[in-house]
Amino acid sequence: MSEYPARISIGDRAMSRVVNPVVRRLLRSPVHDLISGSTVLVGVKGRRTGIWREVAANYHADGPVLTLVSRPGRTWWRNVDGGQPVRAVLGGIERTGTGEVDVRGGVVRIRITLNPAPQVATPVHGRQLWGTWFRATTFGEVVGFGVPAVVAPLVAGVGLWFVELPVIVVAGAAEGALLGLGQAYALRRALPQIRTRDWVRATAAGAALAWLIGMAPAVVGQRLWDQSPPLAVALAVLAGVLLIGSIGVLQWRVLRGHVPHAGRWVAAMAGAWLAGLLAFATVAMPLWHEGQPAVLIVAIGVLGGLVMATTVAAITGLALVRLLPPPAQGVSSKSMPYCAGPRQRPTALSAWPDTTPVSGHTSALPDAVWHPARDGRDSEDTP
């Protein structure tokens, strides 16, 4: 292998330092399923330094055998050849195995044979689940609510409802996506079979619908009231029910195949959002006044959002704990992997800008995102 120079481009190094930390943390988190269907985290031990380093790369799975591709100019795979031990975080589970390397035609194929997966531990429940849910939901909602809190004052002066309405609805969808991501982080510790994408999409769609309903009175409210006050009142009540129930109903569609009596989640979410909106109004409305600077308006909105977020998180966390049955006795939940097991079906390797075609597939994360050694000498462990 000495015929191949150990060169790492500036682009590769920049990608390693920017992308690799994010990908590594994501693959080790409960929401790893966003990318773990095609991306694995491989740990290799330097032959000279003995330092373990981690590489994130796309893979093709055939049972316990993973196939990765790289290029001769890279260095990490040289520590895998000859049946060397490797570690792999696949599907949220850390496993061990051995590696072999085949270099042909300027393409490097790395075959990793994984040992059997460890025992799956008991899902989290009770206070541990409530605490994780409360923190993750509060964080997701506070960060998410910041999007419409910033966008709304910026478009408020446009004066064109057909511009303001779609912009704010999109901002509301962003709020829902961030909230859903935070909730999925906690939920998958108890229900790893719930897909993060499904939960985020449901929450984002529910939030967008809620913002659309909430903005409707500003568009047609006064006109409708002038024409028929009883109809306006009736529609306002219906809109209120839809507003507080939109997220819960769409999340229920995700839960219903995994949790008994999932319909109770709709009532719990509706009650939590009603309490949260009342808390927001109690805090924010008295502080808002006409003519205030935009910065102050946003700050008050964020404060109200924080109060709303903690209220919703506390109530829905209690509801979730009561909804889920206690887990069966088993391994401590503190060591629980974030999914029931790795996906063993073959998965196509998605294309990234810097790719190497191999048998109809491509490598990604520029074939492997390198975690440099402490001294920064990436090629130190190459033979």
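On alpha-carbon atoms, Rg over Rh for segment 126-323 using Kirkwood Rh?
Dividing the radius of gyration by the Kirkwood radius yields 0.99.
From Cα pairs below 8 angstrom and at least 6 apart in sequence, can you work out the relative contact order of segment 126-323, rounded to a whole percent?
28 percent
Going by average Cβ density within 10 Å per residue, which order do the peptides 89-100, 286-297 take, highest to lowest?
Those peptides, ordered most packed to least, come out 89-100, 286-297.
Quick note: the coordinates plus some simple rules give every number you see, no bench work behind them. Note that the structure is predicted; figures quoted are calculated from it, not measured. FYI the Cβ positions are ideal-geometry reconstructions off the backbone, even for glycines, and counts take in every protein chain you see.
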